[in-house]
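All remarks here apply to the structure that follows.
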Amino acid sequence: MKRLPIFLAAFAMSLSSLAVLAEVTQDAVKKPATDVAASADTTPMTEGEVKKIDKDTGKITIKHGEIKNLDMPSMTMVFRVKEATMLDSLKVGDKINFSAADLNGKLTVTKVEVAK
């Protein structure tokens, strides 16, 4: 009989913990989209040159300078693009300025513009 009050107290604490967890989870689900958008706006631009465009896979190969926010040295590499339409205005050989971020473990171009 003495175990029943202890069990009920533990059960009540579990329920209150689940309520707090549900609230925190809902907040976390809402925030990433705005955080990603905000970080894309503030991410520094990097100079690069378009080496290859693959519209079918939504990828672009860029020879680029140092990407400071990713702690990445100069190199040539393939990136995903945030939106496939970003590739429509680009062609191989274009000098560009772009921002890239690690989105869900994938290096992604979040903004791109042809350099003037």
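At the residue level, PHE79 shows approximately 0 square angstrom of accessible surface with a 1.4 angstrom probe and all protein chains present.
Taking all Cα-Cα distances within segment 50-91, those exceeding 18 Å account for 28%. Multiplying the residue separation of GLU113 and MET72 by 0.36 nm and removing their Cα-Cα distance gives an extension gain of 12.7 nm. Extension gain, LYS55-ASP102: 0.36 nm per intervening residue step, less the Cα-Cα distance, totals 14.9 nm.
Packing here is the average count of other Cβ atoms within 10 Å per residue, and on that basis the peptides 47-57, 67-77, highest first, run 47-57, 67-77.
The values are calculated or read from the model by the stated rules, or taken from the named source; none is laboratory data. Please read these numbers as outputs of a predicted model, since none were measured by experiment. A quick note on method: Cβ atoms are made from the backbone with ideal geometry, for glycine too, and the neighbour counts reach across all protein chains shown. Remember, those area values only see protein heavy atoms, side chains included, never the ligands or the DNA or RNA. Shrake-Rupley method; radii C 1.70, N 1.55, O 1.52, S 1.80 Å.
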